[in-house]
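Inspection log for the structure reproduced underneath, given as structure tokens.
No value in this document is a laboratory result; all are computed from the given coordinates. Remember, it's a predicted structure, so these values are computed and weren't measured experimentally. Using ideal geometry, Cβ is built from the backbone for each residue, glycine included, and neighbour counts are taken over all protein chains shown.
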Amino acid sequence: MRVLGISAFYHDSAAVLVDGGRIVAAAQEERFTRLRHDPAFPHQALAYVTQAAGVPLASIDWVVFYDKPFLKFERLLETYLAYAPRGFASFRAAMPLWIKEKLFLKRMLLDELRAIDPGFDREKLLFSEHHLSHAASAFYPSPFGEAAVLTLDGVGEWATGSLAVGRGTDLQILREMHFPHSLGLLYSAFTYYTGFKVNSGEYKVMGLAPYGEPRFASLIHEHLIDVKEDGSFRLNLDYFDYCTGLRMTNDRFHALFGAKPRDPSERLEQIHMDLAASVQQVTEDIMLRLATSAVRETGIGNLCLAGGVALNCVANGRIVRETPVRSLWVQPAAGDAGGALGAALAVSHLALEVPRHDGGGLDGMQGAYLGPEFPQAEIETMLNAAGAQFTTHDEDAMIRHAAEALASGKAIGWFQGRMEFGPRALGARSILGDARSPQMQKILNLKVKFRESFRPFAPAVLREDVADWFELDGDSPYMLLVAGVRPGRRREMSPGESALFGIDRLNVPRSEIPAVTHVDYSARIQTVHDQTNPRFHRLLTEFKRLTGVGMLVNTSFNVRGEPIVCTPLDAFRCFLGTDLDLLVAGCCVADKAAQTVKGQRYESAFALD
């Protein structure tokens, strides 16, 4: 039974194909169009997943959209009616678009599908609810036979969060939190207020938080949000403008914290770092209470997470360490792209009762390597057509060459196998560097990624070595858990270094692996497994043979504002436009010094994220 899942028309559109309950292929449209968070109908992603499955759209049994647009329209209309006449300007601006596109979305979807297959049967088109899609994306690929499932995001149709229980193929939502009370929207309000882009820059707030002090946390609890012991909450809407306005926050919010919203072009000040630390602390507190409550209410020690808030890897790490949760699994494509996956899995398992597959201890995401791959011959053809100068090796020589370059301090673009599904590069479309280098974080941020200097990088570490370096002895294959660097690996701060505040703390080495150690001695960890990515595992093993350290800096192969690269041509263009030293694509190795073609510099090639 083949089921095609689609998400589109908000942000991060995607297509996913599930066959007999197994995930065959999944991809976000942005990777093909090169438009970050592309919300358009996923034409190219859909073409890819059907091609990967070797079937035309006509052979798909069911197509399912990840939410119910009519319920979203109902929420929009009821919200404006509740606040009338306030917000009429935004109502007038939004309504024509909603009537044209969202209310008649079923017709739009049918038109798009019939443009591909003129005989497409309208009865094959189904709709899932937004938070059911999130919950299904978390539970069904997890390694658990039964689990509690928490979903948290901005807003779906009405729901902003849910608690569900999954057992076998059954998945039942027990309770929901509803708009306008939303943890995701609270975090997004502070994202907007600190000068970052909503639905894109929330991870920057998380990365900025360790540079600040949570001195506003009590103010947030006192004025903005009432949190109950079980983690349920209500927002004080007097301070927000997202219900009816065109901004996240209002003048009362700004007066509470004593400043206007930061313009993205303005310098980050200590107040912005303290605001980030404060909303991060409040978010962690709520997530810990919700996780604890989920275990106590359901009596199940396994917990699955999805929804955009589930990408808060700092909070996830605390759930593992500080709650009764016995085992945690987080959907790597936790946002709207993963909704397409969840919708397809919900139809397969919940509606059609297709049995789940025993992964033998592994989850069903196959390491999230679900996107396009390119055979060696095709990589060589595309690089030759682009004018690249490269040498081709056997795999052993390629691994050795790449590891030696990394050990000598070079930054490399690593393009291998199937592209990752979700926002994280996991060793298929990655930029790699030496975690031991005190300069590597600054080099990658400013000369390769062209982004803010405070942004942290993640360590990719051999699974068998993780406990030697970090306060974690378990799996973290999707870079969604933060844990501390082991005390024995840390470097003691001098009195002068310890007295530094804010961004001045950035360039102080804190451990034997300074490029991936954050200012609070933590790291966002990716464990690399031989079963899911043998070539990346081999590279780390060879690097360990050379250096004694089975770990590398791993960040996504793109620059600020650009989607992660998809094709060898994307990779070569990014390689030329940045200060990367080496490109390793398949078994092809291209040295920057040998290139005769000039690329476009990437500093201004993409809109800021």
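For the stretch 183-329, a simple Cβ point-charge model (Lys and Arg +1, Asp and Glu -1, everything else neutral) yields a dipole of about 300 debye relative to the Cα centre. Which whole-number percentage describes the relative contact order of the chain, with Cα contacts under 8 Å and a sequence gap of 6 or more? Relative contact order for the chain comes out at 16 percent. Each part reduced to its alpha carbon centroid, the stretch 264-321 and the stretch 1-31 end up 27 Å apart. The radius of gyration of the Cα set in the stretch 376-594, together with its Dmax, comes out at 16.9, 57 angstrom.
Using alpha carbon centroids, what distance separates the stretch 140-163 and the stretch 193-240, in Å? Rounded to whole Å, the Cα centres lie 21 Å apart.
Report the FRET efficiency, 1/(1 + (r/R0)^6), for Asp473 and Ile116, where r is their Cβ-Cβ distance and R0 is 45 Å, rounded to 0.05.
Details: r = 48 Å, r/R0 = 1.07.
Approximately 0.40, to the nearest 0.05.
Less than 5 angstrom separates the built amide H of Val24 from those of Leu17, Val18, Asp19, all sequence-distant by 5 or more or on a different chain.
Computed on the Cα trace of the stretch 192-309, the radius of gyration divided by the Kirkwood hydrodynamic radius gives Rg/Rh = 1.00. The alpha carbon gyration tensor of the stretch 180-222 gives principal lengths a ≥ b ≥ c with a/c of 1.5 or higher and a/b no greater than b/c, which makes the shape oblate.
Taking K and R as +1 and D and E as -1, what net charge do the other residues with C-beta under 12 Å from the C-beta of Cys587 add up to? Residues near Cys587 contribute -2 overall.
When only C-alpha pairs under 8 Å and at least 6 residues apart count, what is the relative contact order of the stretch 183-329, in percent?
30 percent
If you take every DSSP beta bridge fully contained in the chain, what fraction is antiparallel? Give it as a percent rounded to 5. Expressed as a percentage, antiparallel bridges in the chain total about 70. When the Cα positions of Thr392, Met365, Pro375 are compared along the charge dipole of the stretch 355-413, Met365 comes out farthest toward the positive end, with charges on each C-beta of Lys, Arg, Asp and Glu.
Among 263-270, 337-344, the peptide with the highest mean count of other Cβ atoms within 10 Å heads the list, and the full ranking is 337-344, 263-270. In a reduced charge model with +1 at each Lys and Arg Cβ and -1 at each Asp and Glu Cβ, the stretch 376-594 shows a dipole moment near 520 debye about its Cα centre. Shape summary of the chain, radius of gyration then Dmax from alpha carbon positions: 23.5, 73 Å. Specify which residue in the list Pro261, Gly338, Ala164 is farthest towards the positive end of the charge dipole of the chain, using unit charges on the beta carbon of Lys, Arg (+1) and Asp, Glu (-1), about the Cα centre. Of Pro261, Gly338, Ala164, it is Pro261. Normalised by residue number, the volume inside the convex hull of the Cα atoms of the stretch 323-427 is 211 Å³ per residue.
The per residue volume of the convex hull around the alpha-carbon atoms of the stretch 166-260 is 153 Å³. Each Lys and Arg contributes +1 and each Asp and Glu -1, all at the Cβ; summed about the Cα centre of the chain, the dipole is approximately 900 debye. How big is the stretch 116-238 by the Kirkwood estimate over distinct Cα pairs, in Å? Final number for the Kirkwood radius of the stretch 116-238 is 17.0 Å. Distance from the Cα centroid of the stretch 379-417 to that of the stretch 478-498 is 32 Å (rounded to whole angstrom).
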